[in-house]
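First comes the structure, then the notes that go with it.
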Amino acid sequence: TLPSHGSLMTGLLPTEHGAHATSRCPGASVRQKTARYAPLLQETETLAQFFRRRGYRTGAVSANFAFLAEWTGLNRGLDHYSAQPVRLFGYVPVALSLAVRLPARFYNYLSLATTKDAATISDEAIAWLGEADQAPFFLLLNYMDAHLPYLPPAPYDTMFLPAGSRLFPPVNQD
């Protein structure tokens, strides 16, 4: 996510913009979050910086509060940057990192339950667009709804299944 979004926001390869995983413990699963990540190189210009210098309003609304957070450098040049987790049971999921010890299906559910859904992302973006005149703008939207686990809302959760069958268990990402 970080290297590809770095490339989208700069037009450069990860080896050029610097945002990438720097190490991983041998044999560790992706879910164990053992990788260390490097942000964009400080001297790397983002699309937002390019457009902002030319008078554009710049903004981003992201559901991915972990890999598209401010520490990544992807927010450089943005007038508006929204990438906060939603509250789960009334709390911000600061202990979500502890959930990596849970079975994959529960971890996947909890991690997605703390992200903004597509409707929320779109509503925030529309509100931001309505805050100013018809000035040109650059807006990045990042949705997490297409990620595992695939939990379609009713009626789509059963629409394409044979009568009496259940959804398949989520795919293990380990």
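No value in this document is a laboratory result; all are computed from the given coordinates. This one's a predicted model, so the numbers in the text were calculated from it and none came from an experiment. In this analysis, Cβ positions are derived from the backbone assuming ideal geometry, glycine residues included, and neighbour counts consider all displayed protein chains.
If you plug the beta carbon distance of Trp71 and Ala135 into 1/(1 + (r/R0)^6) with R0 = 25 Å, you get a FRET efficiency near 0.30. Compute the signed sum of charges (Lys and Arg +1, Asp and Glu -1) over the other residues within less than 14 Å, Cβ to Cβ, of Arg57. Around Arg57, the charge tally is 0.
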